[in-house]
């Protein structure tokens with residue numbers, strides 16, 4: 001049996017697909033699992049040994065799309081057409097992903113009922129899952145259609161990043177004995193960002209709680225500069241990955257950390273995949289859909305008593321700034337005591 005899952009979303013969304021992949025492999029241990037994701041999403045999926053082959057398609061963002069991306073997509077479609085799949089699941093809910101699902105040669109093609117599913121697509125899908133998905137976590141939303149078709153049963157397992165596939169960040173592991181936490185300061189979404197001034201105040205207080213801090217950051221120059229600035233200010237007890245850590249190396253750091261602190265981003269989901277206790281800052285992101293999945297965690301929101309609908313009425317650029325340093329620090333103290 002060969003099964004194709006198509007999920008053309010962001011990096012963190014790709015990782016949220018792994019519970020479905022794990023459950024499928026548990027039910028069909030001899031199945032060959034293929035996954036199609038956007039470029040740059042394959043690295044974080046490399047930690048899931050249940051995947052037999054990862055295919056990538058060009059990033060639709062024209063600013064980042066490589067030259068010849070359209071030709072590359074046609075070659076990918078041709079590969080899918082030459083390959084027989086027993087089942088194809090389109091879980092992106094957009095026309096581009098449906099095009100690749102249509103290109104794949106299969107007798108069982110499934111997608112979800114969605115407002116973007118126009119009438120002309122329906123004849124090409126043998127199954128359109130109409131189960132109501134609102135109010136569920138994204139890991140559950142991805143699980144519904146494959147579960148109904150393949151009779152997977154139960155609930156989605158935790159996110160997957162195998163310890164065997166994590167790679168050491170540093171060869172000298174003696175510093176691990178003192179204990180440390182990992183902080184991921186940044187996100188590509190401005191509306192989900194917490195100010196660098198708040199992070200600075202939090203780091204200063206955290207050094208009274210934990211012996212060491214590791215700052216995780218991406219390769220963007222601004223992220224590296226801010227991380228380096230914090231390291232220079234607080235001395236040798238804090239260090240940064242300076243944008244050089246691969247997803248496998250960050251996974252290794254998370255697997256050995258006392259706890260993780262960060263906003264709703266791929267690094268937060270990776271912490272959940274590594275079963276690292278997580279303090280997660282949530283502003284405009286819907287908590288019910290993206291909270292750390294099946295891992296011990298502490299959520300920090302602007303106002304806990306507000307419903308998701310009430311949160312939407314507050315300007316998004318104000319939500320994160322309504323999260324106080326003291327509130328985050330209190331959750332970090334709890335995480336430190338329990339771990």
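Would you mind calculating the relative contact order of the chain from Cα pairs under 8 angstrom and at least 6 residues apart, reporting the percent as a whole number?
16 percent
Work out the FRET efficiency for residue 149 and residue 105 from their Cβ-Cβ distance, taking R0 = 22 Å, and round it to the nearest 0.05.
0.80
Taking a point 7 angstrom from the Cα of residue 136 along the C-beta vector, which residues in the range 107-122 have backbone N less than 19 Å away?
The answer is 109-117.
For the range 153-216 and the range 252-317, write down the distance between their C-alpha centroids in whole Å.
Cα centres, the range 153-216 to the range 252-317: 13 Å.
Which order do the peptides 248-255, 92-99 come out in when sorted by mean C-beta neighbours inside 10 angstrom, highest first?
Peptide ranking by packing, descending: 248-255, 92-99.
Any idea what angle helix 325-338 forms with the longest principal axis of the chain, computed on alpha-carbon atoms, 0 to 90 degrees, nearest 10?
80 degrees
Taking the Cβ-Cβ separation of residue 116 and residue 195 as r and a Förster radius of 51 Å, what is the calculated FRET efficiency to the nearest 0.05?
According to the calculation, E is roughly 0.90.
Pairing the Cα long axis of helix 247-256 with the longest principal axis of the chain, what angle in degrees results, from 0 to 90 and rounded to the nearest 10?
Taking Cα atoms only, the helix is inclined about 50 degrees.
Within the range 203-226, which residues have the backbone N less than 19 Å from the label spot 7 Å out from residue 244 along Cα→beta-carbon, could you tell me?
213-226
How far, in degrees from 0 to 90, does helix 221-234 lean away from the longest principal axis of the Cα atoms of the chain, to the nearest 10?
30 degrees
Once R0 is set to 22 Å, what does the formula 1/(1 + (r/R0)^6) return for the Cβ-Cβ distance between residue 81 and residue 27, expressed as a FRET efficiency to the nearest 0.05?
Step by step, r from the Cβ atoms, then E = 0.20.
Pick from 30, 184, 291: which residue has the top mean-square fluctuation in a GNM of the chain where Cα pairs under 10 Å get a spring?
Ranking 30, 184, 291 by mean-square fluctuation puts 30 first.
A short reminder: the numbers here are calculations on the coordinates, not readings from a lab. This is a predicted model, so every value here is computed, not measured. Reconstructed Cβ throughout: ideal geometry from the backbone, glycine too, with neighbour counts over all protein chains shown.
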